[in-house]
Each structure stands twice: as structure tokens, then as C-alpha cells.
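Computed from the coordinates by the stated procedures, all read-outs in this text should not be read as laboratory data. What you see is a predicted model, and the numbers here were worked out from it, not measured in a lab. Glycine gets a Cβ as well: all are built from the backbone with ideal geometry, and neighbour counts include every protein chain shown.
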């Protein structure tokens, strides 16, 4: 390990992109249909804010906008990588900055749409790069977790970085391992490196809107979404991806829906149980998304109910933003 007075932290920085429109919300909240209406009203082009929609061939399980929808409003940062590639937040930020500049050169507005909280936070608050991944260290820690459990992993993080431990879900092994990795490589807690990006702007100074459904309604929408995904061919889609690529990459393989179908295909998990696993994990993911959105001061909630239409929601958003800077 390098001594703490010689941190291995990268100095590369990505500055926030605040002066755009943002539409976000948990999975199955109806972002795509509202975004199409909002983009028409704003004369905007849409930039996907979804960490899985970047992957070619992952269409059904990501509820990617259809070719017909993309034909009505230009979409960007969809289908830009193969599912065996690693596509991280830095690669996304670089691509997003370039796309935003191109859209503005055309004299149009920019509407980010998607529900990946880390990407949203990066766009709103910027990034400071930490060290690159140490895959051998990650593998070792993951193997240890299998032996001693996630509680022991959480205790290790709490010892070296209590600030991060207070913020992280004790079951979020990926981010807990990253916290340990950064400390190992730099001698500094990841919370120290990220602290300059913790302060947000007031919502009134931004145009960041979260579609907010009552939890029971959202859960029903999630169940319907999952049933539709399997009816539309999620199984065949995953089989095709595995046939073409042999595997999914580290990032793509974590996508809810795809991970469970791979387990079904490769380990014989019954189909009924697979579908229920997808529903359960999607509900958990939606709760984590909601927690992230509440933690970002830039976000404003837009209440949704059974009678609301995408066009009406779009008008509400434009009206709500009329006083924004």
C-alpha cells in the first residue's frame, strides 16, 4: 500500500452539467412515455441516463425505447457498447459531455432521461477519479464474503471509513468492496475523496424531476413490467446474447432480469421462481433508487396517480420549472 501522504488518486475531474433538463424516477415509473411528451414540448433531444441501455442487444429487459419511439425524438447513449464490455460512470460522463455539446450546436435543448442514480449524481455534482479497479483484490474480498458474510465486510468498511459505512446499505457488497479497495490503494477513505462532490444545489436552481408513485401502485407496475418482459421474450434475448458473446460482462451481468435468467439457464432455477426473483429484486432496486433521489437536493418530485397522462405530467414539469434558474 502506498503511504497516506502519497495517495494514488487520479487528478482527473468531470465538472457537473447542471443547465439541462433531467427526468428520472424508479424503474417502471413511466419515464419513457413522459420523456417523449416533454421532449416535444421543449424541442429537446433525449440523452439516456441508464447504465444498462448502453448495451447492444439488451432491449427487452431494460425496457429500452423502441425504434419507433427513437424515430420520433432523437435519443443518445443507447446501444453504444457490447454487453461483454465494461461501461463505467467515467466512460458515460465523457460520452455525455460530447453529446450535450453536439445537441447544443444544433440549437436544441437537452433532456437526460433514466434511473441510474450514480450517473445522475455524476451529471449533477461532477466526479473526481479514484484509482482504477484492482480485480484480484475484489475477487479475494468477494471470496471472503462467501465465507464470513456481508456483516463482516460492513464492519471492515466501518473501521477504515465510518463516513461511507454510515451512507452505504450494509448489503451493498459492490460498493462496500469498492470502499475497501480505494482505502487499500490510496490510504485514504473514499468518503474523503468524494466529499467535495457531496454539496448539491437547491432544487429551485435546477430542472431535475422525479416521477413519484405511491409505493403499492409502483409495485403493481413493476409486477406488470416483469410479466411483460418475459412475455415479450426476455428468455430468448438472454439466450441470444449468450450464444453470440459466450457471457455477459461484469457490469451487464448485474442487470436485474438478466442475472436471474442466466441463473435459470445455467443452474436450473425453476422459471416461476426466476420470475418471482426478478420481481423481488426489482422492487428492492426501486427502493434503493428512491433513497438516492431523496438524498439529492437537486431533485423535485412530481406526484403521479392512476388518472395522470404523460402529456399532463410533461406540462406539470414545464410549469414547475418556470421559476427555475
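Okay, here's what the table says:
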read-out	value
Kirkwood-type radius of the stretch 135-197, with distances r between different C-alpha atoms, in Å	11.6 Å
Mean shadow area of the stretch 141-269 over all directions, Cα convex hull, nm²	12.1 nm²
Relative contact order for the chain, counting Cα pairs under 8 Å that sit 6 or more residues apart, in percent	29 percent
Contact order relative to length of the stretch 15-84, as percent, for alpha carbon pairs under 8 angstrom and 6 or more apart	33 percent
Considering only the chain, percent of DSSP beta bridges that pair antiparallel, nearest 5	10 percent
Computed over the stretch 135-197: relative contact order in percent, which uses C-alpha pairs under 8 Å that are six or more apart	31 percent
Rg ratio (alpha-carbon, reference 2.2 N^0.38 Å) - the stretch 8-88	1.24
Ranking of 263, 298 by count of other Cβ atoms within 10 Å, fewest first	263, 298
Residues 42, 120, sorted so that the one with the fewest Cβ neighbours within 10 Å comes first	42, 120
Top of 300, 106, 125 by mean-square fluctuation, Gaussian network on the chain, Cα under 10 Å	106
Proxy reagent accessibility, fewest Cβ within 10 Å first, across 24, 150, 186	150, 186, 24
C-alpha center-to-center spacing [the stretch 63-114, the stretch 122-189] in angstrom	29 Å
